[in-house]
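Notes follow the structure.
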Amino acid sequence: MISAKHLVVTLLVLGWSNAAAQELTATQLLDKAIAFHDPTGQWANFRGDLQVVMESPKSANRTTAIRIDLPSQYFKATAQRDEVITTYIVDKGNCVVTAADSLRIAALKEPPKRSHCDLSSLYKDYYTYLYGLPMKLKDPGTLLDPTVLKKIFKGKEYLVLKVTYDKAVGSDVWFFYFDPSTYAMEVYQFYKGDPNGVGKDTGEYILLSEMEAINGIKMPKKRAWYYNKDDGYLGTDTLLSK
């Protein structure tokens with residue numbers, strides 16, 4: 001016959017085990033991931049310089065020096081490929097075109113498909129989004145699916161968040177993969193539409209490796225890009241120490 005003391009201990013152990021086994025909500029998982037990547041809450045007031053080298057099998061390397069100053073609403077990216085240097089600046093929502101870029105654009109034989117200012121906004125959104133993850137998943141217009149998924153990707157099990165966006169923000173469907181023990185973000189993936197329907201052969205996945213501490217934030221040092229459809233390799237971005 002079990003003793004009262006043994007029964008109490010057993011119930012306590014079972015109670016702890018059940019509590020530990022409870023599933024995380026999507027919000028809880030996101031908060032844990034942010035606590036890993038931005039433990040002291042630096043992103044909201046981030047001011048910093050990044051240098052990123054993009055390697056692609058189909059073109060020469062591109063090196064981009066980036067300045068992000070969120071409190072001042074300032075962004076600058078100076079990209080160099082071969083001998084061509086292009087600068088993209090957005091200052092408090094306004095596009096700034098340098099004299100050198102004005103001359104370069106005027107010398108083109110054909111007008112570019114996108115204006116320089118459109119590209120400046122694109123680069124600002126691109127770099128602040130990807131290097132601001134997972135903190136950027138708290139932004140307005142981000143729709144976090146309440147169910148935390150468990151997926152095996154490249155032989156490893158992950159806790160996964162599914163994210164969509166308000167129509168005014170974007171139409172892609174994103175998945176963010178987190179290590180179940182550290183909550184580090186190790187993969188993200190997007191589809192151009194429903195991944196189980198018309199969008200299943202679209203989009204890309206990005207493998208993140210190593211970490212670089214920038215102003216107290218753990219950012220992925222390397223991001224390798226692949227097509228969802230056939231695992232075709234697109235290129236790798238490497239964040240260099242300054």
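The values are calculated or read from the model by the stated rules, or taken from the named source; none is laboratory data. Just so it is clear, the model here is predicted, and its values are computed rather than measured. Note that we place each Cβ from the backbone using ideal geometry, even for glycine, and neighbour counts take in every protein chain shown.
Which residues, counting only those in the stretch 192-213, are free of Cβ contacts under 8 Å to residues at least 40 places away in the same chain and hydrophobic (A, V, I, L, M, F, W, C)? Residues satisfying the conditions are V198, I206, L208, M211, A213. When the stretch 166-187 is filtered for residues that are more than 14 Å from Y205 (Cβ to Cβ), modelled with pLDDT of 95 or more and surrounded by 12 or more Cβ atoms within 10 Å (Cβ to Cβ), the ones remaining, listed by number, are F178, D179, P180, Y183, A184. Kindly provide the set of residues from the stretch 87-106 that are hydrophobic (A, V, I, L, M, F, W, C) and surrounded by 11 or more Cβ atoms within 10 Å (Cβ to Cβ), ordered by number. Selection gives I89, V90, C95, V96, V97, A100, I105. Apart from one condition, Y158 fits all of (1) within 15 Å of the chain's Cα centre (by Cα); (2) buried (at least 17 other Cβ atoms within 10 Å of the Cβ); the exception is (1).
Just wondering, is there one or more residues in the stretch 110-131 that are touching a residue at least 40 places away in the same chain (Cβ under 8 Å), surrounded by 17 or more Cβ atoms within 10 Å (Cβ to Cβ) and part of a loop (DSSP other than H, G, I, E, B)? The answer is yes, given that some residue of the stretch 110-131 is touching a residue at least 40 places away in the same chain (Cβ under 8 Å), surrounded by 17 or more Cβ atoms within 10 Å (Cβ to Cβ) and part of a loop (DSSP other than H, G, I, E, B).
For the stretch 137-154, the set of residues classified as surrounded by fewer than 16 Cβ atoms within 10 Å (Cβ to Cβ) and assigned to a helix (DSSP H, G or I) consists of K138 only.
Every residue, every condition in (1) at positive phi; (2) at pLDDT 95 or above, yes or no:
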| residue | (1), (2) |
| --- | --- |
| A35 | no, yes |
| G41 | yes, yes |
| M54 | no, yes |
| S59 | no, no |
| I68 | no, yes |
| A79 | no, yes |
| V84 | no, no |
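Conditions tested, residue by residue: (1) more than 25 Å from K162 (Cβ to Cβ); (2) at pLDDT 95 or above.
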site	(1), (2)
N196	no, no
K200	no, no
L208	no, yes
P220	no, yes
R223	no, yes
D231	no, yes
L234	no, yes
T238	yes, yes
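Picking from residues in the stretch 190-210 that are touching a strand residue (DSSP E or B) at 6+ places or on another chain (Cβ under 8 Å) and among the acidic types (D, E), the one that is surrounded by the most Cβ atoms within 10 Å (Cβ to Cβ) is E204. Scanning the stretch 31-42 finds one or more residues that are among the aromatic types (F, W, Y), assigned by TED's automatic domain parsing to the domain that holds M219 and either in a helix (DSSP H, G or I) or more than 16 Å from the chain's Cα centre (by Cα) (or both). Considering only residues that are farther than 18 Å from D82 by Cα and in a strand (DSSP E or B), which ones fall in the stretch 46-65? Within the stretch 46-65, R47, G48, D49, L50 meet the criteria. Of the numbered criteria (1) within 24 Å of Q28 (Cβ to Cβ); (2) under 13 Å from the mean Cα position of the chain (by Cα), the one L207 fails is (1).
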